[in-house]
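Have a look at the structure below before the remarks.
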Amino acid sequence: MSAFLPPGIGMTSADQFDLLLPMFAMVLLTFAVWMAMYRSRIREIRARRIRIQNLATRGDAAQQFQDTRAADNFQNLFELPVLFHAGVLATVMLGLASPLLEILAWVFVLSRVAHSFIHVTYNRVIHRFYVYAFGGFVLLAYWIVLAVGWLSVPAS
């Protein structure tokens with residue numbers, strides 16, 4: 001079966017749910033970054049003896065913490081990925097999964113894994129930017145393919 005068949009053609013209901021795997025991978029990445037953020041913050045709170053009350057607001061925390069990479073990346077995982085999750089759920093609900101959409105979903109997830117790795121490790125902004133932009137264009141392509149598939153479904 002060609003990866004470029006129109007969405008929904010030749011896909012079984014099991015294939016529709018295979019598209020949930022990249023979404024679960026994105027959820028796993030989000031929780032991994034969340035745990036890294038708390039590990040980093042607890043380590044810094046203890047090492048620098050930061051009073052918990054000094055972290056009452058996001059602004060307070062930004063002034064207190066020296067290493068905000070994991071926290072910043074955690075926030076990033078609720079920007080473009082929100083459109084990813086919505087797109088995958090819409091695809092499955094509409095029964096429009098296709099090999100092309102599954103490939104685009106996995107490529108987007110891999111771009112977010114690379115973005116998170118760069119962000120929480122060496123944090124070279126230009127590298128992060130290229131990976132972020134690439135993932136954004138992949139997500140845009142996903143939504144275009146989804147929209148074309150939805151618009152090509154005959155009305156019942």
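The values are calculated or read from the model by the stated rules, or taken from the named source; none is laboratory data. Predicted model, so just to flag it, every value in this text is computed and none were measured. Glycine also receives a Cβ, built like all others from the backbone with ideal geometry; neighbour counts cover every protein chain displayed. Calculation scope for accessible area: heavy atoms of the full protein, side chains included, ligands and nucleic acids excluded. Shrake-Rupley method; radii C 1.70, N 1.55, O 1.52, S 1.80 Å.
Here are some notes:
- Accessible surface of the chain, 1.4 Å probe: 68 percent of it comes from carbon and sulfur atoms.
- 5 angstrom amide H check on A97, placed H, neighbours 5+ away: G8
- Sorted largest first, extent of region 75-133 alpha carbons per principal axis (Å): 41, 22, 15
- Euclidean distance between Cα centres, region 121-153 to region 39-97, Å: 20
- Which of I52, L146, W106, positive extreme of dipole for the chain (C-beta unit charges): I52
- Angle between the chain longest axis and helix 20-48 axis [Cα atoms, degrees, rounded to 10]: 0
- Average projected area [Cα convex hull, region 23-156], square nanometres: 9.5
- The charge dipole of the chain, taken about its Cα centre with unit charges on the Cβ atoms of Lys, Arg (+1), Asp and Glu (-1) only, comes to about 980 debye.
- Under 5 Å between amide hydrogens, built in the peptide plane, is the criterion, and for L19 it picks out nothing among residues at least 5 positions away or on other chains.
- Computed from label points 7 Å out along Cα-Cβ, the spacing between Y38 and I52 is 1.3 nm.
- A DSSP coil position with no more than 16 other Cβ atoms inside 10 Å describes the following chymotrypsin sites (Phe, Trp or Tyr not before Pro) in region 18-88: F78.
- Per residue, the accessible area of the chain comes to 60 Å², computed with a 1.4 Å probe over protein heavy atoms only.
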